[in-house]
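Scroll down for the structure; my scribbles are underneath it.
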Amino acid sequence: MKKIFALLAIVLISQGGFAQDDSGLPRRDIKKNDFGINPFNLVAFGALDVGYERILNDNTSFGVDVFYRLADDEDENDDWIDTDDIFDKEFALTGKFKYYIGDRVARGFYVEAFGMYSSGEHDNERQIIDTDTGFISFVDVEEEYSDFALGFGVGGKFVTRGGFVIDVGFGLGRNLFSNESPEIVARPNLYIGYRF
């Protein structure tokens with residue numbers, strides 16, 4: 001019986017000796033959560049764009065981005081700047097899966113697949129026929145939409161040893177269900193954040 005306890009004690013102690021010591025690794029290689037905000041969308045277009053990512057392993061992560069357009073901005077002459085021409089979407093919820101290329105822990109260049117639910121207003125061209133003259137004209141009509149898009153993107157995530165994150169990327173997707181939504185969605189991103 002004493003031999004069994006001695007053997008069990010040796011095995012447990014040796015397992016502790018083989019455990020990986022994370023104390024010498026930088027924060028960026030230990031922590032598993034990234035949070036960021038897109039300052040460009042906030043300042044230029046008045047849109048809140050925040051993202052969260054959970055690192056699954058050294059080469060993959062899963063994340064969620066939330067985009068919400070707060071309001072149109074006014075310029076110095078009190079004229080309205082119409083951001084509808086830049087962003088059709090008013091709200092978007094995006095799930096994304098990233099695969100990082102290379103041997104770094106969830107940083108460096110990546111490819112991503114995403115699914116995006118979005119809603120907003122989009123200008124569509126409609127044909128109008130005058131029944132009296134038979135004259136055909138085309139009119140732009142602003143229509144509300146809700147749709148789901150699938151797409152892919154590429155980018156780079158750069159993380160300092162202390163955990164400061166800059167994520168720059170670009171993606172393209174296609175809306176799938178609504179005729180009122182834009183056919184193609186572009187997903188430029190610039191997130192500045194922190195790994196915790």
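The values are calculated or read from the model by the stated rules, or taken from the named source; none is laboratory data. Here the structure is a predicted model, which means the values were calculated and not measured. Heads up, the Cβs are rebuilt from the backbone with ideal geometry, glycines too, and the neighbour counts pull from every protein chain shown.
Structural remarks
- Any hit, the range 103-110, residues being of a type in the set (A, V, I, L, M), in contact (Cβ under 8 Å) with a residue 12 or more places away in the chain and under 18 Å from N38 (Cβ atoms): no
- Residues (under 17 Å from E143 (Cβ atoms) and surrounded by 15 or more Cβ atoms within 10 Å (Cβ to Cβ)) located in the range 168-196: N175, S178, E180, S181, P182, V185
- Within the range 89-99, the only residue that satisfies the criterion of being buried (at least 20 other Cβ atoms within 10 Å of the Cβ) and at pLDDT below 95 is K89.
- On the stretch given as the range 174-196, residues that are within 30 Å of R28 (Cα to Cα) and either outside any strand (DSSP E or B) or of a type outside the set (D, E, K, R) (or both) total 9.
- Of all the criteria given as (1) touching an Asp or Glu at 6+ places or on another chain (Cβ under 7 Å); (2) closer than 21 Å to F91 by Cα, the one not satisfied by R195 is (2).
- Residue match in the range 142-158 (condition: over 22 Å from Y52 (Cβ atoms), assigned to a strand (DSSP E or B) and modelled with pLDDT under 90): yes
- Of everything in the range 100-140 that is under 30 Å from Y52 (Cα atoms) and among the polar types (S, T, N, Q), the residue that is surrounded by the most Cβ atoms within 10 Å (Cβ to Cβ) is S118.
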